Amino acid sequence: MKGPKVTVRALRTRQGPDVEVYAFFLPGDQVTQVADISRLRRGEGSLEGFQRKEIRAHVSEIAEFLSQGPVLFPNAIILALSPQVRFKSARGPAGENGDVRSGELLIPIRPEGQRAAWIVDGQQRSLALARAGQAHLQVPVVAFVSDEVETQRAQFILVNKAKPLSSRLIDELLPSMSMALPKSLKPRQFPSALCTALTESPDSPLHDLIKRESQGDGARGVITDSGLTRAIAANLRPAGALGAYDPESGADAAFQALCIYWAAVRDVFPDAWGRSPEESRLMHSAGIQAMGALMDPIWTRADASADPAAEVAAALSRIAPRCRWTEGEWEGLGWAWNDVQATSKHIKGLSEHLLKLDRELSRPAR
């Protein structure tokens with residue numbers, strides 16, 4: 001093979017109708033040097049390529065993660081290789097698995113648009129690796145030999161059609177992770193950890209009431225963890241009830257504040273507590289998030305008082321007669337109790353209504 005090339009140690013096997021498949025490693029910054037990105041576009045009367053546009057925010061986030069220092073990044077890139085690549089088998093017997101041979105794979109290095117490989121899966125990761133200059137990071141690559149766009153498109157669709165991980169599963173896993181996380185996941189870790197503590201601690205008023213992804217369909221909980229996690233995340237904003245607490249030194253204090261508040265909710269609304277969302281909108285995701293929003297002003301006042309628990313209970317007791325969790329109609333909203341759904345309109349409307357009631361009923365008498 002004449003001209004510049006990349007030589008890597010590789011394993012070769014065959015799949016399907018005698019298609020060669022390789023597994024090897026490449027330095028992170030070399031992936032885009034040997035492989036083109038076949039962008040989806042309309043040519044003269046035909047569809048060309050298959051790859052989506054670059055998602056700059058996603059690429060930047062991955063590059064930032066990679067630039068933190070030594071990181072674990074075992075995500076394989078999938079390439080389609082031109083038949084022009086060459087494989088030299090290592091000498092000696094094939095070993096126990098005769099269907100897999102080791103050797104050297106030679107990939108020509110050519111200008112962009114004429115390269116001997118195309119990225120089928122891992123476009124954003126490949127661009128981020130190049131941008132971060134990760135020459136030292138050996139990236140796993142799985143490649144098959146085919147220069148037919150139809151075959152490449154079929155593999156692209158098969159790889160990307162799988163359902164992404166559910167947000168609830170990610171949130172449940174986050175508290176157990178101590179390694180460096182991408183920027184978009186880091187803010188979700190603390191509220192997820194607090195949700196886990198409220199679920200598992202026997203001292204929590206929400207103990208055994210929260211449904212987690214890991215529990216399956218037979219779980220006893222009635223509160224969906226995603227709604228509670230969003231409520232806690234809102235409380236953790238700088239102006240929120242828990243804004244002064246940080247994951248390192250304030251986790252216990254934040255947990256105690258949540259326990260005091262939700263214990264008061266339980267005690268003030270006993271008929272609506274612990275029932276299914278179909279029977280009580282207090283246990284519904286909309287109700288949990290609206291009551292979470294109400295925690296901000298109530299806890300801000302209570303935290304400065306001599307008896308925070310009593311202050312929270314008093315504030316909730318003032319609005320309780322006007323709440324319609326299990327029957328009746330919300331006065332001022334025109335919604336029947338079971339009209340409330342987990343939509344942005346209903347969550348925002350119910351939250352604003354409860355906050356308004358708290359402002360009006362908490363004013364000192366003149």
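Are any of the residues in segment 59-67 closer than 20 Å to residue 137 by Cβ, in the same structural domain as residue 133 (by TED's automatic domain parsing) and at pLDDT 85 or above? No, the conditions are met nowhere in segment 59-67. Examine segment 268-283 for a residue that is modelled with pLDDT under 95 and of a type in the set (Asp, Glu), and state whether such a residue exists. No: zero hits. In this entry, residue 294 is excluded by the filter for residues that are in the same structural domain as residue 224 (by TED's automatic domain parsing), assigned to a loop (DSSP other than H, G, I, E, B), among the aliphatic types (A, V, I, L, M) and closer than 24 Å to residue 224 by Cβ. If you go through segment 97-115 and keep only what is under 37 Å from the mean Cα position of the chain (by Cα) and either surrounded by fewer than 18 Cβ atoms within 10 Å (Cβ to Cβ) or more than 13 Å from residue 8 (Cβ to Cβ) (or both), you end up with 100, 109, 111, 112, 113, 114, 115.
Picking from residues in segment 219-250 that are exposed (fewer than 14 other Cβ atoms within 10 Å of the Cβ) and not small (Gly, Ala, Ser), the one that is farthest from residue 283 (Cα to Cα) is 248.
For segment 10-44, residues that are modelled with pLDDT of 75 or more and either loosely packed, with under 12 Cβ neighbours inside 10 Å or assigned to a helix (DSSP H, G or I) (or both) total 11. Determine whether segment 271-283 contains at least one residue that is without any contact (Cβ under 8 Å) to a residue 24 or more places away in the chain and aromatic (Phe, Trp, Tyr). Yes, the conditions are met somewhere in segment 271-283.
Of the helices (runs of 4 or more DSSP H) contained entirely in segment 133-235, those carrying at least 3 residues that are modelled with pLDDT of 90 or more and small (Gly, Ala, Ser) fall at 186-200, 225-235.
Yes/no matrix, rows are residues, columns are (1) crowded, with 20+ Cβ neighbours inside 10 Å; (2) within 23 Å of residue 190 (Cβ to Cβ):
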position: 252; (1), (2): no, yes
position: 282; (1), (2): yes, no
position: 292; (1), (2): yes, yes
position: 299; (1), (2): yes, yes
position: 318; (1), (2): no, no
position: 322; (1), (2): no, no
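Contact annotation: residue pairs with Cβ atoms under 7 Å, 6 or more positions apart or on different chains, pairing a residue in segment 15-29 that is assigned by TED's automatic domain parsing to the domain that holds residue 73 and touching a residue at least 60 places away in the same chain (Cβ under 8 Å) with a partner that is basic (Lys, Arg) and exposed (fewer than 15 other Cβ atoms within 10 Å of the Cβ), are 20/14; 21/14; 24/9.
The values are calculated or read from the model by the stated rules, or taken from the named source; none is laboratory data. A quick note: this is a predicted structure, and the numbers were derived from the prediction, not measured. Note that each Cβ is placed from the backbone with ideal geometry, even for glycine, and that neighbours are counted across all protein chains shown.
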